[in-house]
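Bear in mind these aren't lab numbers, they're just calculated from the coordinates by the rules spelled out. What you see is a predicted model, and the numbers here were worked out from it, not measured in a lab. So basically every Cβ, Gly included, is an ideal-geometry build from the backbone, and we count neighbours across all protein chains shown.
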């Protein structure tokens with residue numbers, strides 16, 4: 001059984017002339033029903049029949065090939081973790097936005113699905129001291145904590161605004177580390193010389209082609225599931241066509257209804273050139289989720305070792 005949003009996605013796929021294939025995601029540690037993901041690469045005959053698409057006349061059920069379609073992986077109706085079976089065969093590029101093999105977890109590797117961000121409203125002249133503190137004290141300490149996957153830091157040298165984000169294998173690991181990390185957060189506040197705010201998130205989307213040197217962060221409020229789906233289906237393909245784009249992530253807090261969307265860019269010039277299209281995508285995301293845009297800020301990416309695998 002599909003829900004209202006799935007029906008809307010199907011309608012949009014059919015309007016664009018796309019076919020559909022099943023995709024499954026791991027969300028909050030529980031399986032959910034398959035999500036239909038638009039693609040022009042492949043189609044399973046059972047799903048073609050379900051959505052009313054014509055089955056290719058020359059379809060080979062044994063090999064999954066035809067003159068019109070090419071299957072990109074097993075497409076059974078059973079659940080699988082994180083949609084491993086629906087990878088594109090050519091990796092990630094602007095023309096072929098598929099999940100790269102190198103970004104998928106290897107056997108025994110777990111997904112990092114939670115994050116804690118600490119926002120400092122510090123003094124601009126203390127930024128370099130804050131970066132040194134993150135690299136020399138915070139990162140080595142986090143490396144020793146069970147369940148921590150990595151760390152990143154964004155800075156604005158003009159305002160003193162900084163965001164340090166750590167990634168975690170599970171919500172339990174993140175929560176268990178809170179007391180242990182409280183003293184080092186307080187020390188970071190003293191070094192940067194300002195106020196501090198701590199937020200916890202679920203990582204809903206992570207897509208990276210390569211690392212960048214600066215980021216744009218947008219905070220929105222609204223229907224988090226609708227925002228997540230809009231980013232995955234509508235925003236990521238558009239971002240991949242934008243010159244200078246490196247990566248995108250979406251963090252959500254289900255208790256507050258807030259989300260934090262971050263895009264990384266090769267250069268500041270590329271980020272500034274993308275502002276008009278970014279404004280349009282942001283407005284569209286908020287509108288489709290019945291929400292609002294709370295704030296937008298641009299940063300330098302001072303430290304990038306978050307180590308979150310592909311979750312797009």
| field | Model label zone, residue 171; criterion: amide N under 18 Å from point 7 Å along Cα-to-beta-carbon; scope region 182-213 | value | 199-205
| said: Ranking request for peptides 266-273, 298-305: highest mean number of other beta-carbon atoms within 10 Å first, then the rest in descending order. | reply: 298-305, 266-273
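How large, in Å, is region 212-272 by the Kirkwood hydrodynamic radius built from its alpha-carbon pairs? Write out the running numbers ahead of the final one.
Details: mean 1/r = 0.0828 Å⁻¹.
Across region 212-272, the inverse of the average 1/r is 12.1 Å.
So if the hydrodynamic radius of region 120-184 is defined as the Kirkwood radius over C-alpha pairs, what does Stokes-Einstein give as its diffusion coefficient at 25 °C and 0.890 mPa s, in µm² per second? Can you show the working numbers first?
Working: Rh = 12.5 Å.
Stokes-Einstein gives a translational diffusion coefficient of 196 µm²/s.
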| task | Can you work out the PRE-style zone for residue 269? Point 7 Å along Cα to Cβ, and I want the residues of region 285-311 with backbone N under 19 Å. | result | 299-301
| query | In which sequence would 230, 209, 242 go, from the one with the fewest C-beta neighbours within 10 Å to the one with the most? | reply | 242, 209, 230
| Scattering from the C-alpha atoms of region 133-219 alone, worked out with Debye: what is log10 I(q)/I(0) at q = 0.15 1/Å? | -0.64
| note | Taking N as the residue count of region 203-311, its alpha carbon Rg divided by 2.2 N^0.38 Å gives 0.98
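If you take the beta carbon distance between residue 125 and residue 225 as r and set R0 to 41 Å, what does 1/(1 + (r/R0)^6) give as a FRET efficiency, to the nearest 0.05? Could you put the intermediate results ahead of the total?
On the way: r = 42 Å, r/R0 = 1.04.
The calculated FRET efficiency here is 0.45.
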| message | Multiplying the sequence separation of residue 253 and residue 184 by 0.36 nm and subtracting their Cα-Cα distance, what value in nm do you get? | response | 22.5 nm
| task | Just need the relative contact order of region 163-279 here, percent rounded to a whole number, with Cα pairs under 8 Å and 6+ apart. | result | 29
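Using the number of other C-beta atoms within 10 angstrom as an exposure proxy, rank 223, 295 with the fewest first. Don't skip to the end; give the middle numbers.
Numbers: 223 17, 295 9.
Neighbour counts put them in this order, fewest first: 295, 223.
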